[in-house]
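Engineer: Sharing a structure, written as structure tokens. Questions coming.
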Amino acid sequence: MKSFPSIEDLRQRARRNVPKMFFDYAESGSYNQETLRANRADFEKIKLRQRVLVNVDRRDTSTAILGEQAPMPLALGPIGLGGMMHGDGEIHACRAAQAAGIPYTLSTMSINSIEDVAGAVDKPFWFQLYVMRDRGFVRELIQRAAAAKCSALMLTADLQVLGQRHADVRNGLTVPPEIKIKNVIDIATKPAWALSILKSKRKTFGNLSGHVKGMENINSLAQWTASQFDPTLSWKDVEWVKNLWPGKLILKGILDVDDAKIAVTTGADAISVSNHGGRQLDGAPSAIAALPRVVDAVGSEIEVMFDSGIRTGADIMRALALGARSCIVGRSYIYGLGAGGQAGVARAIEILGKELDVTMALCGVKSIADINRDVLADFPSETQRRPQ
């Protein structure tokens with residue numbers, strides 16, 4: 001994996017390794033993908049101030065995330081179908097994250113179950129929760145996450161209904177893939193992927209199969225979400241989850257200042273400024289454009305995380321400068337998973353950490369606490385440090 005110098009290199013290898021329907025699932029956004037493109041374009045518009053002749057020896061990228069020390073301000077976010085990018089993908093990704101000392105978040109729509117991952121790793125991980133129509137099952141999921149000693153619950157707030165991803169419709173995405181000529185031909189050209197899947201613990205949604213009546217016969221993510229994701233989800237449900245969950249609570253999917261202000265009143269420990277990686281409301285602003293407004297409104301009251309669009313360590317620097325306390329990545333590490341399993345995820349983390357360290361040096365800062373809006377070339381020059 002050392003021969004892959006960037007996340008883009010991992011992406012290109014993953015494209016070659018993984019069947020088209022699963023690569024496209026991870027890669028694509030909703031509808032016309034305007035918000036997906038904006039997530040990257042708006043990052044690239046933010047310019048950093050190059051500073052010279054500053055002593056930047058002994059730099060330190062460590063910080064605290066939800067009160068826990070981490071060697072860098074980074075967590076791996078929830079990715080549905082991670083185990084279809086590589087066999088036992090969620091286990092491999094969690095192991096890589098824990099080896100690097102950063103949090104890993106298991107998706108409700110994972111292939112490996114909560115129990116699979118808990119039994120394969122040494123430390124607690126985070127669990128991402130979707131609130132579904134069947135509140136009894138949601139309660140059970142929360143109890144299972146607590147029994148697995150998950151250290152934080154990440155409640156996703158922006159998927160009451162599914163934003164259509166045209167690529168999934170075109171590809172006829174199912175888990176596992178249906179036996180069709182085009183699928184057989186595609187998989188036949190990817191023997192390493194096929195072998196990893198054959199050797200894996202599960203071939204369908206591990207957190208659902210055996211726990212939800214009739215789930216054994218449902219292999220379509222779109223079919224499941226259409227029948228179970230709940231358009232009545234409200235702030236009262238956040239309160240309900242908070243009362244059930246004994247640990248730290250993160251609200252993911254906050255993009256609007258008014259929603260951020262309400263989120264503070266729920267007692268959540270953190271919010272993540274996110275547009276679901278451009279996979280939900282197409283035409284919504286990029287997450288990085290929304291970040292400073294949210295931070296200015298509530299950053300002194302709640303820990304603000306950021307996700308959607310990060311591909312480089314310089315992107316992490318930009319998000320921290322605009323007020324995020326830490327960043328959550330999805331595609332950046334899932335490309336590594338598709339490229340090389342656990343080693344690929346480890347390489348993705350290493351790339352982002354190294355790029356952040358070098359960016360800090362070239363901007364003349366030595367620690368995460370030194371990063372503020374003064375490192376940005378096109379932002380008002382007055383110092384506006386992130387809430388501590």
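Engineer: Could you report region 13-142's accessible area per residue, 1.4 Å probe, as an integer in Å²? Could the numbers behind the result be given before it?
Structural biologist: Values: 5260 Å² over 130 residues.
Value for region 13-142: 40 Å² per residue.
Engineer: Here's another thing I want to ask about it. Which stretch or stretches of region 18-62 have amide N atoms under 19 Å from the point lying 7 Å from T189's Cα along the Cα→Cβ direction?
Structural biologist: It comes to 18-28, nothing else.
Engineer: On average over all directions, what projected area in square nanometres does region 1-87 have, based on the convex hull of its Cα atoms? Don't skip to the end; give the middle numbers.
Structural biologist: On the way: hull surface 38.0 nm².
It is 9.5 nm².
Engineer: Within region 16-37, name every residue whose backbone N is under 17 Å away from a label modeled 7 Å from Cα of V161 along the Cβ vector.
Structural biologist: Answer for region 16-37: 30-32.
Engineer: So what's Rg/Rh here for region 272-388, counting alpha carbon atoms and using the Kirkwood radius for Rh?
Structural biologist: Working: Rg = 14.7 Å, Rh = 14.9 Å.
Rounded to two decimals, Rg over Rh is 0.98.
Engineer: Using modelled amide H (1.01 Å from N, peptide plane; none on Pro or chain starts), what sits under 5 Å from the amide H of K252, excluding residues fewer than 5 places away?
Structural biologist: HN-HN under 5 Å from K252: L155, T156, A157, S272.
Engineer: Can you give the FRET efficiency to the nearest 0.05 for D378 and V257, using r as the Cβ-Cβ distance and R₀ = 35 Å?
Structural biologist: Working: r = 22 Å, r/R0 = 0.62.
In this case the efficiency is close to 0.95.
Engineer: If each residue of separation counts as 0.36 nm, what is the full-extension length gain between D57 and A361 once their alpha-carbon separation is subtracted? Show your work: numbers first, answer last.
Structural biologist: Details: separation 304, 0.36 × 304 = 109.44 nm, distance 0.82 nm.
Extra length from D57 to A361 when fully extended: 108.6 nm.
Engineer: Starting from one equal scatterer on each C-alpha and no solvent at all, send me the Debye-based log10 I(q)/I(0) for region 261-340 at q = 0.12 Å⁻¹, two decimals.
Structural biologist: -0.35
Engineer: Next question, about the same structure. Relative contact order for the chain using alpha-carbon pairs under 8 Å, separation at least 6, rounded to a whole percent? Mind dumping the intermediate values first?
Structural biologist: On the way: 789 pairs, mean separation 107.8, N = 388.
RCO, the chain: 28 percent.
Engineer: Any idea of the accessible area per residue across region 287-379, 1.4 Å probe, to the nearest Å²? Working shown, then result.
Structural biologist: On the way: 2270 Å² over 93 residues.
Accessible area per residue: 24 Å².
Engineer: Separate question: Quick one: what are the phi-derived ³J(HN,Hα) couplings along region 21-31, Karplus 6.51/-1.76/1.60 with θ = phi - 60°, whole Hz, x for glycine and proline?
Structural biologist: Computed from phi, the couplings for region 21-31 are 5, 7, 5, 5, 4, 6, 7, 8, x, 8, 6 Hz.
Engineer: A further question on this structure: Heavy-atom accessible area of H86 with all protein chains present, probe 1.4 Å, nearest 10 Å²?
Structural biologist: 50
Engineer: State the Kirkwood hydrodynamic radius of region 63-132 in Å, one decimal place, computed from all pairs of distinct Cα atoms. Mind dumping the intermediate values first?
Structural biologist: Numbers: mean 1/r = 0.0818 Å⁻¹.
Result for region 63-132, one decimal place: 12.2 Å.
Engineer: From the cross-link list K20/K180; K20/K182; K248/K366; K45/K366; K123/K248; K149/K236, which pairs have alpha carbons spaced over 18 Å apart? Mind dumping the intermediate values first?
Structural biologist: Details: K20/K180 13 Å; K20/K182 10 Å; K248/K366 30 Å; K45/K366 24 Å; K123/K248 16 Å; K149/K236 25 Å.
Correct reply: K248/K366; K45/K366; K149/K236.
Engineer: Pull up all non-local amide H partners of L74: gap of 5 or more, or a different chain, and H-to-H distance under 5 Å with H placed in the peptide plane.
Structural biologist: When sequence neighbours closer than 5 places are left aside, the close amide H contacts are C327.
Engineer: Over the Cα atoms of the chain, what Rg and Dmax result, in angstrom?
Structural biologist: Final numbers for Rg and Dmax: 19.9, 65 Å.
Engineer: With θ set to phi - 60°, apply the Karplus curve 6.51 cos²θ - 1.76 cosθ + 1.60 along region 11-16 and write out the HN-Hα couplings as whole Hz, x wherever there is a Gly or Pro.
Structural biologist: In residue order, the calculated couplings are 4, 5, 5, 4, 4, 6 Hz.
Engineer: Determine how large the accessible area of D374 is when every protein chain is in place; take a 1.4 Å probe and give Å² rounded to the nearest 10.
Structural biologist: Its heavy atoms expose roughly 40 Å² to the probe.
Engineer: While we're looking at this one, here's another question. Carbon-plus-sulfur fraction of the accessible area of the chain, 1.4 Å probe, in percent? Working shown, then result.
Structural biologist: Details: 8290 of 15960 Å².
In the chain, the share of accessible area belonging to carbon and sulfur is 52 percent.
Engineer: Here is a further query. Region 105-171 to region 328-353: how many Å between their Cα centroids?
Structural biologist: After rounding, the separation between the Cα centres reads 20 Å.
Engineer: Hey, can you rank 193-206, 50-63, 16-29, 93-106 by average C-beta count inside 10 Å, highest first?
Structural biologist: Values: 193-206: 17.6, 50-63: 11.7, 16-29: 21.4, 93-106: 23.6.
My ranking of the peptides, most packed first, is 93-106, 16-29, 193-206, 50-63.
Engineer: Dipole magnitude of the chain about its Cα centre, charges +1 at Lys/Arg Cβ and -1 at Asp/Glu Cβ only, in debye to the nearest 20? Provide the component values of the computation, followed by the final result.
Structural biologist: Values: 48 positive and 42 negative charges, 186 e Å.
Once rounded to the nearest 20, the dipole reads 900 debye.
Engineer: Per residue of region 272-277, in order, report the coupling 6.51 cos²θ - 1.76 cosθ + 1.60 (Karplus, θ = phi - 60°) as ³J(HN,Hα) in whole Hz, putting x for Gly and Pro.
Structural biologist: Result, ordered by residue: 10, 6, 7, 10, 6, x Hz.
The values are calculated or read from the model by the stated rules, or taken from the named source; none is laboratory data. From a predicted model like this one, the values you see are computed outputs, not experimental measurements. Positions of Cβ are backbone-derived with ideal geometry, glycine not excepted, and every protein chain shown enters the neighbour counts. When the accessible area is computed, the model is the full protein with side chains, heavy atoms only, and any ligands, DNA or RNA have been set aside. Shrake-Rupley method; radii C 1.70, N 1.55, O 1.52, S 1.80 Å.
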